[in-house]
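See below for the structure under consideration.
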Amino acid sequence: MIRNLFFFVLIAVLGSLKGYTQSSQNDTLPNATLPACVQYALNHQPFIQQSLIDERIAEATIRTRLADWFPQLNLNAYYQNNIKLPVNYFGGNYVSTGTYNISAIEFGATQNIFNRDVLLASRSAGDIRKATKQVTDSTRIGIIAGVSKAFYDVLLTQKQVSVLDEDIVRLNRSLQDAYNQYKGGIVDKTDYKRATISLNNANAERKQQQDLLTAKYFYLRQLMGYPDSAELQLQYDSTELENEIPIDTSQEINFNNRIEYRLLQTTKDLQQYNLKYYKWGFLPSVSAYGNYNLDYFSNSFGKLYQQSFPNSNVGLQLSFPIFQGTKRIFQVRTAELQVKRLDWEIVSLQNIIRTEYAGALASYKGNLANYIALKENVQLATDVYNVIRLQYQQGIKTYLDVIIAESDLRTSQINLYTALYQLLQSRVDVQKALGILNQ
């Protein structure tokens, strides 16, 4: 029944996008920029491929239902042996009638003229195709957002590892300075031990971040559908990343840009067809038919097919259920209520989109202000560290001052990169909230 297809599409439309699976593809990505990673995911992510297959399944199902508009041709044949002939009362006597062997070949053709199942199939075919394509678009947008955020997350962790590498170089240099001053009798063992503690902590933190980076790479591979055995090295331009930061924050929400909103509108259109379907239940089904039959009769099986007795007929058939216990009335009422419920669901979605956009925009503006402020901190922390380290070498400052300056420098660098990539991720959220992420 076409209703089965209709409800199948509704489930697909209202279902949520959950999780991603790993691709079994063995091809690699030599230039792993963000656009290249996104495009790879769109080509290889299993969930996208499943959505495309769902489109083909829906198209095949539609064509299956529409085939009922074509003439339906049938051929039936049978053979019957009467072991005992039937008896009829005729002219005051009981007389055996018929023959012991009966056979017939029947050719039949029917043509639907009005049938609500077939009518629903033809009327709703376009919207069903639209719904399945919109489900694919929704999947595509989810993948773009997920891959983009995971890409930035990997870059952030890489930068944190890089900052720790620079910090370890500085700490090794400070350790050597403290050791030389200790050997020179300028300071006691305290500075040397403090330098060793700081270096050990930095090495341990770097190991944690490196392990975390490996896990984040695996997550990015999963979102992309990228094979575990293939190498994946991300490429990016820091200047280009900073150029991507600006976005027009004065844009107004256009609900039609959101795929979820368009899906819900299509769902409502399909539900309107469902309402019409039940209203059509008060109309009769009409079809035309024609039959051509060849009948064979004989008491001898060997002579059964020597002579045929053809007959044929054509006609119209009307089928109209007069009373079904008010079932049709309540089916119509139920469908009307389902349409009204979707109206409220659209209102609810509009409220959700407004809230989502307000939250994403606030996060973006906050991260942007934080990023601008932290850019200056890095330069200030670098200058302070260089001055204090030089003063320590000259015996003016204590090693505790060096540790504090070095910690401030490392923290400011990590905070700056964290702010940058959080800003880029919040930019993705704003684009997604506006419905322009895939543009």
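The values are calculated or read from the model by the stated rules, or taken from the named source; none is laboratory data. Predicted, not measured: the structure shown is a model, and the values here were computed from it. Cβ: placed from backbone, ideal geometry, glycine included. Neighbour counts: every protein chain shown. Just the protein is used for accessible areas: all its heavy atoms, side chains included, with ligands, DNA and RNA removed. Shrake-Rupley method; radii C 1.70, N 1.55, O 1.52, S 1.80 Å.
Numbers below:
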item	result
Pair-distance profile P(r), taking every C-alpha pair of region 285-348, with 5 angstrom steps and integer %	4, 12, 10, 8, 9, 8, 8, 8, 7, 6, 6, 5, 4, 3, 2, 1
Shape of region 251-366, Cα gyration tensor, a/c cut at 1.5	prolate
Positive-end extreme of charge dipole, region 264-382 - chosen from ILE352, ALA373, PHE330 (charges on Cβ)	PHE330
Estimated vicinal HN-Hα couplings, Hz - region 243-255 in sequence order (Karplus 6.51, -1.76, 1.60; Gly, Pro = x)	5, 7, 4, x, 8, 6, 8, 9, 5, 8, 6, 10, 4
LEU368, LEU316, LEU283, LEU374, ranked by accessible area, largest first (probe 1.4 Å)	LEU316, LEU283, LEU368, LEU374
FRET E, pair GLU244, GLN379, Förster distance 22 Å, beta-carbon r, rounded to 0.05	0.45
For region 305-427, average projected area of the Cα convex hull in nm²	23.2
Spherically averaged projected area in nm², based on the convex hull that wraps the Cα atoms of region 132-290	20.5
Nearby lysines by direct alpha-carbon distance to LYS397 (threshold 25 angstrom, same-chain neighbours under 8 apart not counted)	LYS183, LYS189, LYS193
Mean separation of Cα contacts under 8 Å (6+ apart) over length of the chain, as relative contact order %	24
Aspartates and glutamates with Cα under 13 Å of LYS133, excluding same-chain neighbours fewer than 8 positions away	ASP54, GLU55, GLU59, GLU260
Residue among ILE113, TYR192, ALA433 farthest towards the positive dipole end of the chain, charges placed on Cβ	ILE113
Selected from TYR289, THR99, ALA362, residue furthest toward positive end of dipole (the chain; charges at beta carbon)	THR99
Evaluated over region 45-196, the Cα radius of gyration and Dmax, each in Å	43.0, 145
Charge dipole (debye, nearest 20) of the chain; +1 at Cβ of Lys and Arg, -1 at Cβ of Asp and Glu	1560
Sulfur and carbon atoms: percent of accessible area, the chain [1.4 Å]	54
Estimated FRET transfer efficiency when R0 is 30 angstrom, pair LEU294-GLN111 (beta carbons, to 0.05)	0.85
Candidates ASP401, ASP228, ASP137: whichever shows maximal mean-square fluctuation once the chain is modelled as a Gaussian network with Cα springs under 10 Å	ASP401
Using alpha-carbon coordinates, inclination of helix 34-44 to the longest axis of the chain, degrees	30
Simple Cβ-charge dipole of region 108-183, Lys/Arg +1 and Asp/Glu -1, about Cα centre, in debye nearest 20	320
Region 219-309 shape via C-alpha gyration tensor axes, a/c threshold 1.5	oblate
DSSP beta bridges in the chain [antiparallel fraction, %, rounded to 5]	95
Positive minus negative residues near TYR219 (Lys, Arg vs Asp, Glu; Cβ under 11 Å)	+2
Nearest-ten-degree value, helix 2-14 long axis tilted from longest Cα axis of the chain	10
20 Å Cα-Cα threshold exceeded, pairs from LYS276/LYS327; LYS159/LYS432; LYS149/LYS365; LYS207/LYS375	LYS159/LYS432; LYS207/LYS375
Other-chain or far-sequence residues with amide H under 5 Å of ILE113's (modelled H)	VAL286, SER287, ALA288
Neighbour net charge for ILE245 - beta-carbon separation under 14 angstrom, K R +1, D E -1	-3
Using θ = phi - 60° and Karplus 6.51 cos²θ - 1.76 cosθ + 1.60, couplings along region 296-313 (whole Hz; Gly, Pro as x)	10, 9, 5, 6, 10, 4, x, 9, 4, 9, 6, 9, 10, 10, x, 8, 8, 7
Rg in Å to one decimal, and Dmax rounded to a whole Å, for region 155-223 via C-alpha atoms	16.3, 58
Crossing angle, helix 399-434 versus the chain [Cα axis fit, 0-90 degrees, rounded to tens]	20
Structure-based [θ]222 nm, the chain - -39500 (n - 2.57) summed over DSSP H runs of at least 4, per residue, nearest 500	-23000 deg cm²/dmol
Alpha-carbon radius of gyration plus Dmax, which is the widest Cα pair, for region 326-377 in Å	22.6, 76
The chain, accessible area per residue, ligands and nucleic acids excluded (1.4 Å, Å²)	55
